[in-house]
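A quick write-up on the structure given underneath.
Where a number appears in this text, it was derived from the coordinates with a stated rule and is not lab data. Not measured: the values here are computed from a predicted model. Cβ placement follows ideal geometry from the backbone for every residue including glycine, while neighbour counts extend to all protein chains displayed.
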Amino acid sequence: MISEVVMPQMGADMTEGTVLRWLKYEGDPVTRGEIIAEIETDKANVEIEAFESGVFRKVLAAEGDVVKVGEVIAVIAAADDDISQYAEGAATPKAAPASNGHATRTASAPAVETAAVRPIEASAPALPVEASAPAREGRVRASPLARRIAEERGVDLRQLRGTGPDGRIVKRDVEAAVAPPPPPVVPTAAPYAPPTPEAAPVAMSRMRQTIARRMSQSKREAPHYYLLMDIDMTEAAAFRAQINATQTDDVRVSVNDLIVRACALALQLHPMFNTTITGDEVTRHGVQNVCIGIALDEGLIAPAILDAGRKTLLQIAADAKDLAARAKGGALRPEEITGGTFTISNLGAYGVETLVAIIQPPQTAILGVGAVAPQPAVRDGEVVVRQIMEVALSADHRVTDGAQGAQLLGDIKRLLEQPLLLIL
């Protein structure tokens, strides 16, 4: 049976990807689930796994080629299968042997199989860069961000020695190569005149281009409405402290974990906010995949805690910690990137009081969260100090109205102000 390896789609707005490296030669045996290639997407590098066992018969996209989503980039088949229809266009891979994601389809089938890929390239500790490095032959192993910076600044990657995993050239290596020399010593007799800064155009990274495109699309297409509400987190803070006193350092509940749990439960009561929209069609989802915003050096990413509505508070805490670590290490799964149904963006750790966020398309709502801070409040006719947090719901007016949004916020408030409800 002939299996076509295709460029997978990692996100609704991904239209193309770059073949970074082939890990098999033509003629090599391939086992189902074995890694055969590395590709670059807008947000991450991912590994492609073989979907079927067989022989790696044909490469149709060379390393460095930019290929549209769904196009065939290689063929896996039995040794005696006729693959003459793929005779046009091929370049033998220059990288070799392998280890183990997949994005393939059967040649006779009309539809592309769902891609199973996994992001790669975790960061490594900084190491000193040698003063000079010999030029290399063949393909240079470098991260996409390092390649873009090198192209922008005119750096020859072949002259650099990488300090990333397996000798890969990473961002810090390129930046070290273009670091300006120390300023000259100014004689004490002469007055020092500081240099006049010059404007320097900087091209957007691929991730920033993606963020710009998606946020512009959201503000252009989705008529946002906004609702703000104060939530008294005094009881929630005490509840959290009690839980953490019984846990190890490996599993500790954060304020954001409480918010994720409250939102997941509230979305079960108000499923019209647990939706995605495409054109005039609204899809109401049966599970609550709650996205959490994670700040990376390259930009903001919001992967999902999958099926958060069925998870306990401690499971959510463990998943959130793991998700953040893998997001920063470049090891998110495709469904965590593309499967979100609702988003929480929390800037409370930065001291921000109010965050009014932009909806992540194709989702239809997002909750902006500010810092928990002591504020005066009236309780039983007396002014007391309480721990107050302001939240802001941004929602798509095509799908819901303000009264419905107020009801959703009311239930989130109720759950957080009576935190025992989070574990019932």
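How large is the charge dipole for segment 364-424, taken about the Cα centre, if only the Cβ atoms of Lys, Arg (+1) and Asp, Glu (-1) carry charge, to the nearest 20 debye? Numbers along the way, then the final one.
Working: 5 positive and 7 negative charges, 14 e Å.
With only Lys, Arg, Asp and Glu charged at Cβ, the dipole is about 60 debye.
Send over the Kirkwood Rh of segment 217-280, from the inverse of the averaged 1/r over different Cα pairs, rounded to one decimal Å. Could the numbers behind the result be given before it?
Numbers: mean 1/r = 0.0668 Å⁻¹.
Over segment 217-280, the inverse of the mean reciprocal pair distance is 15.0 Å.
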Percent of beta bridges antiparallel (DSSP, segment 332-424, rounded to nearest 5): 75 percent
Three principal axis lengths of segment 345-424 [C-alpha, angstrom, descending]: 44, 30, 26
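Can you tell me the length gained on complete extension of the stretch HIS397 to VAL383, counting 0.36 nm per residue apart and subtracting the Cα distance? Could the numbers behind the result be given before it?
On the way: separation 14, 0.36 × 14 = 5.04 nm, distance 3.75 nm.
Roughly 1.3 nm would be gained on extension.
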Distance histogram in 10 Å bins (all Cα pairs of segment 178-325, percent per bin): 8, 24, 28, 16, 11, 9, 4, 1
Debye intensity ratio in log₁₀ form over the Cα atoms of segment 14-79, taken at each q of 0.18 Å⁻¹: -0.62
Per-pair calculated FRET efficiency, R0 = 22 Å: ASP156 and TYR25 via Cβ, rounded to 0.05: 0.20
Residues whose placed amide H lies under 5 Å from that of VAL30, excluding near-sequence neighbours: GLY54, VAL55, PHE56
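Over 30 Å between Cα atoms, which of LYS171/LYS219; LYS68/LYS171; LYS311/LYS413; LYS58/LYS171; LYS24/LYS321 qualify?
Numbers: LYS171/LYS219 32 Å; LYS68/LYS171 26 Å; LYS311/LYS413 20 Å; LYS58/LYS171 33 Å; LYS24/LYS321 35 Å.
Result: LYS171/LYS219; LYS58/LYS171; LYS24/LYS321 exceed 30 Å.
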Two-decimal Rg/Rh across segment 289-424, once Rg and the Kirkwood Rh are taken from alpha-carbon atoms: 0.99
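What is the packing order of peptides 385-395, 19-29, 216-226, taking the mean over residues of other C-beta atoms within 10 Å and listing the highest first? Please list the in-between numbers first.
Working: 385-395: 20.7, 19-29: 18.9, 216-226: 14.2.
The densest-packed peptide leads the list: 385-395, 19-29, 216-226.
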Calculated FRET value between GLU221 and HIS285, using beta carbons and R₀ = 25 Å, to 0.05: 0.80
Full-stretch length increase - ASP230, GLN418 - with 0.36 nm per residue and alpha-carbon distance subtracted: 66.2 nm
For segment 256-325, size of Cβ-based charge dipole, Lys and Arg +1, Asp and Glu -1, in debye: 340 debye
Highest-first arrangement of 354-365, 234-245, where packing means the average Cβ count within 10 Å: 354-365, 234-245
Extension gain from ASP297 to ARG310, taking 0.36 nm per residue of separation minus the Cα-Cα distance: 1.5 nm
